[in-house]
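First up is the structure itself, then whatever we jot down about it.
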Amino acid sequence: FNENMLNMINWELEISASLPEAIKNHDLVAFYQPKIDTQPLKIIGGEALVRWKQSNGRYLAPDQFIPILEKNGQIIDVDYYIYREVFTFIHNHIIEGRPIVPISMNVSRVHLLSHDFLRYIKSLFDEFPIPPRLVEFELTESIYIRNSDEALILVNGLHEMGCKVSMDDFGTGYSSLNMLGAIPIDTIKLDKAFLKEDFSDNDKIIISSVIDMSKKLNMHSICEGVETESQIAYLKDAGCDEQQGYYFSRPVPGEAFDALLENN
Ligand code: C2E
Ligand code: CA
Ligand code: CA
């Protein structure tokens, strides 16, 4: 036991204790990162990513608080808050006649054990009557492996509501390949770990095989973490449907995302 561990424990306690107030004060903010179709170049979607606004005006990145909140279950409050923000965002665009694209939201593995998730999403659709095609969900690969029965219920439930589902972080776990046959997901999201500065021939074979496989399975493919022109060109060649990454845009606040959409 040392000072570092004490600091860590204090940080965890602080995060956990200040979350309810942060949610009430709207200090949690949804940022949006565009998803791009490269031919023709166009924003065809967005991903909502949570940020925590601090009293000094700076934003805390999800990696600094999500793992803590996943341990004690409070991530559910964060996700529900973000989902509500996203539904509100989409709904406002529709009411005001402004351009909008499908927005995807991340689903923590903790939801699989809570059984309340589908009911909550249904209640959002009751409250905000928006076309279900504008709402998508990203479930990280390891969810499907560790809780495949629960994952299947969740994916089927989302499909019944008309929402698309993707397998996020594809390629970071192991044995997710056999899950692809068992769970009817719509999109494979290749993890940024697939992308290197320079692709070796083997890297290229692996990426293009995953993309080919997704096509044969009638699934959509998207690659995250795209930062360079050579990555863009390669993914385009390999037939990847969509791309997402800093090269196109970092995750940005709602108003900045709107500006990107207006000039789309
Ligand atoms: P993720 O779902 O895999 O999201 C992709 C992460 O990669 C995001 O980090 C994004 O900002 C970052 N990224 C995007 N483009 C690039 C790029 O070109 N290069 C690099 N190096 N990184 C890029 P972020 O926003 O820090 O989020 C980290 C993770 O936190 C997410 O990974 C997701 O697992 C989780 N997360 C974020 N928001 C939420 C949320 O509302 N709910 C839940 N449950 N998890 C969330
Ligand atoms: Ca994601
Ligand atoms: Ca990822």
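The Cα atoms of the stretch 151-264 give a gyration tensor whose axes a ≥ b ≥ c have a/c of 1.5 or more with a/b no greater than b/c, which makes the shape oblate. Sequentially through the stretch 27-35, phi angles give Karplus couplings (6.51, -1.76, 1.60; θ = phi - 60°) of 7, 7, 10, 8, 9, 10, 10, x, 10 Hz, Gly and Pro residues having no value and appearing as x.
Between 196, 71, 35, the GNM of the chain built on Cα springs shorter than 10 angstrom shows 71 fluctuating the most. Semi-axes of the equivalent ellipsoid for the stretch 44-195, computed as √(5λ) from the eigenvalues of its C-alpha gyration tensor and ordered from largest down, come to 24, 20, 16 Å.
Note on the chain: with charges restricted to the Cβ of Lys and Arg (+1) and Asp and Glu (-1), its dipole about the Cα centre is near 320 debye. For residue 3, the solvent-accessible surface computed with a 1.4 Å probe is close to 140 Å², ligands and nucleic acids excluded. The stretch between residue 204 and residue 118, if pulled fully straight at 0.36 nm per residue, gains 27.1 nm over its current Cα-Cα span.
According to the square roots a ≥ b ≥ c of the eigenvalues of the Cα gyration tensor, what is the shape class of the chain, taking rounded for a/c under 1.5, prolate for a/b larger than b/c otherwise, and oblate for the remainder?
On the way: a/c = 1.34, a/b = 1.24, b/c = 1.08.
Judged from the Cα gyration tensor, the chain comes out rounded (a/c under 1.5).
With each label modelled as a point 7 angstrom along the Cα→C-beta vector, the residue 7-residue 259 pair spans 3.6 nm.
Of the accessible area of the chain, with the probe set at 1.4 angstrom, what percent is carbon plus sulfur?
Here carbon and sulfur together make up 52 percent of the probe-accessible area.
Taking the three principal axes of the alpha carbon atoms in the stretch 1-97, the coordinate ranges are 56, 30, 27 Å, sorted in descending order.
The residues of the chain have, on average, 51 Å² of accessible surface per residue, using a 1.4 Å probe with all protein chains present. Each 5 Å bin from zero holds the following percent of Cα-Cα pairs in the stretch 114-155: 5, 18, 26, 22, 17, 9, 3.
Its Cα centre serving as origin, the stretch 116-264 has a Cβ charge dipole (Lys and Arg +1, Asp and Glu -1) of approximately 360 debye.
Inter-part distance, the stretch 196-214 to the stretch 1-24, computed on C-alpha centroids, equals 41 Å. Distance between the C-alpha centres of the stretch 100-136 and the stretch 140-194: 16 Å, rounded to the whole angstrom.
The values are calculated or read from the model by the stated rules, or taken from the named source; none is laboratory data. Remember, it's a predicted structure, so these values are computed and weren't measured experimentally. Positions of Cβ are generated from backbone atoms using ideal geometry, with glycine treated the same way; all protein chains shown enter the neighbour counts. Ligands, DNA and RNA are excluded from the accessible area calculation, which covers all protein heavy atoms including side chains. Shrake-Rupley method; radii C 1.70, N 1.55, O 1.52, S 1.80 Å.
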